[in-house]
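Nothing in this text is a laboratory measurement; each read-out follows from the coordinates by a stated rule. None of these values were measured; they are calculated from a predicted model. Note that each Cβ is placed from the backbone with ideal geometry, even for glycine, and that neighbours are counted across all protein chains shown.
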Amino acid sequence: MTLSVPPADPATAAAHFLARLSFETDVSDVHADLAAGTPALVVVDSRGIAAWRQGHLPGAVHLPTAEIAARAREVVPVGSTVVTYCWGPGCNGATRAALQFARLGHPVKEMIGGFEYWAREGLPVATPAGVVRRQVDELTAPRSAVVCDC
């Protein structure tokens, strides 16, 4: 079944995968960038206020998708690259938010996996009670490290 449709030629495949990487990033890379203080990077949580209060990425800004058009200028400095996230792979909220930012002229990427995989990989989560880390889900990340070495 895998080969019932032949794979693309290597040049086409390379173009496809390069294009995907220009649109997407993952939780491990975002974590590394936030820890390094990568300049001109703004991570945007596009979920509603109840979800934000439940927990969010430390260093993220809260800007629900419905408010992006009206508030992006006050939240995202000119020249910044935006990374959007929402709940997880079963939610397209980060995609809708990324579309809004792209339409406003911002360079943007979507964080695949969203908040779900951030938390499942045991990365820090900001809550009203402070920053917490959940137990690492061994199906998403090695227990002994933050990165998967891929």
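Amide H to amide H under 5 Å from VAL61: which residues, 5+ apart in sequence or cross-chain, H placed 1.01 Å off N in plane?
Placed amide hydrogens put VAL43, VAL44, ASP45 under 5 Å from VAL61.
Given Cβ point charges of +1 (Lys, Arg) and -1 (Asp, Glu) and nothing else, what value in debye, to the nearest 20, does the dipole of the chain about its Cα centre take?
So the dipole magnitude of the chain works out to roughly 440 debye.
Using helices alone, I'd like the mean residue ellipticity at 222 nm for the chain: each DSSP H run of four-plus residues gives -39500 (n - 2.57), total over residue count, nearest 500.
-10500 deg cm²/dmol
What FRET efficiency comes out for the pair SER80/ARG133, r = Cβ-Cβ distance, R0 = 30 Å, nearest 0.05?
0.65
Can you tell me which of ILE68, ILE49, ILE112 moves the most in a GNM of the chain? Springs connect C-alpha atoms under 10 Å apart.
Sorting by GNM fluctuation, first place goes to ILE49.
Using θ = phi - 60° and the Karplus form 6.51 cos²θ - 1.76 cosθ + 1.60, what ³J(HN,Hα) does each residue of the stretch 8-16 get, whole Hz, x for Gly and Pro?
Here the 3J(HN,Hα) series is 5, 5, x, 5, 5, 4, 4, 4, 4 Hz.
Order of 16-23, 96-103 by packing, highest average Cβ count within 10 Å first?
In descending order of packing, they fall as 96-103, 16-23.
Scan (i) 50, 40, 28; (ii) 46, 34, 23; (iii) 69, 33, 27 for the value of Cα extents along the principal axes in Å calculated from this model and give just the label.
The value computed from this structure is option (i).
Highest GNM mean-square fluctuation, the chain, Cα pairs closer than 10 Å: which of ARG133, ARG47, ARG73?
Between ARG133, ARG47, ARG73, it is ARG73 that shows the largest mean-square fluctuation.
Arranged by the count of other C-beta atoms within 10 angstrom, fewest first, what order do ASP45, ASP33 take?
ASP33, ASP45
Given labels modelled 7 Å from the Cα in the Cβ direction, how far is it in nm from ASP9 to ALA50?
Placing both labels 7 Å along Cα→Cβ, they lie 5.3 nm apart.
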